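Remarks on the structure that follows.
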Amino acid sequence: MKVIFASRNKGKIKEVSEILGSKFEITSLPDIKGIDEIEETGSTFEENAFIKAKTVYKITGLPVIADDSGLEVQQLGGAPGVYSARYAGEKANDIENNNKLLEELKKHSVPHHAQFVCSAVFYDGKNEFSAKGAIKGTILDAPRGANGFGYDPLFMPDDYSITTAEMLPAEKNKISHRALAFTELKKLLLNYEG
């Protein structure tokens, strides 16, 4: 099945391609000309994912998968939430976002309970599906590990003694919020007749 993945994030594209496997031929936004940055104006991860999917479908006319995901920290009232990728500003990088998170958490005592949440969606102009995944854990007070991206160096899943950035990709892909959401979406797509 041919689908466009509405993402420019290389780490995410690699991760999702591995999760979906060989039954899916995935093209992503860096391979398509004429798609500008898509403004995520939704108030939930699912709304943002559908904004991306429907925008890309409107331009290409091809089936699209998209996701929106982020980190929700209990002591911060669910922040950074839908602003996870731009927590420290519109053009912020992972290090800047991580530093802002650590700064915000200095006001709170440990442990810092959090969860990664992902909403994965499919849209083809007629049909739309969505699936959600979440993984609970705690935020550390310093980054650890060089794998992964985003807040992975600060996030230690419950029942683990390493961060998601210290895990090998294959291990992370078994338990991550994105793995859970896209594994569920994959089941829906394999039953989809198009």
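Every read-out reported here was derived from the displayed coordinates using simple, explicitly stated rules and does not represent laboratory data. Everything numeric in this text was worked out from a predicted model, so none of it was measured.
Would you mind checking the tilt of helix 10-20 against the longest principal axis of the Cα atoms of the chain, expressed as 0 to 90 degrees and rounded to 10? For helix 10-20, the angle is close to 60 degrees. For the chain, the longest principal axis of the alpha carbon atoms and the long axis of helix 177-190 meet at an angle near 20°. Computed over the chain with a Gaussian network model linking Cα atoms closer than 10 Å, the most mobile of 91, 132, 174 is 91. Of all the options 71, 168, 105, the one that moves most in a Gaussian network model of the chain with Cα springs shorter than 10 angstrom is 168.
What the Cα atoms of region 19-107 give is an Rg and a Dmax of 15.6, 48 Å. Given the options 119, 43, 130, which has the most mean-square fluctuation in a GNM of the chain, springs set between C-alpha atoms less than 10 angstrom apart? Highest fluctuation among the options: 43.
The per residue volume of the convex hull around the alpha-carbon atoms of region 97-194 is 111 Å³.
Given the -39500 (n - 2.57) contribution per DSSP H run of 4+ residues, what per-residue ellipticity at 222 nm results for the chain, rounded to the nearest 500 deg cm²/dmol?
On the way: 5 runs with 60 residues, N = 194.
After summing the helix terms and dividing by residue count, I get -9500 deg cm²/dmol.
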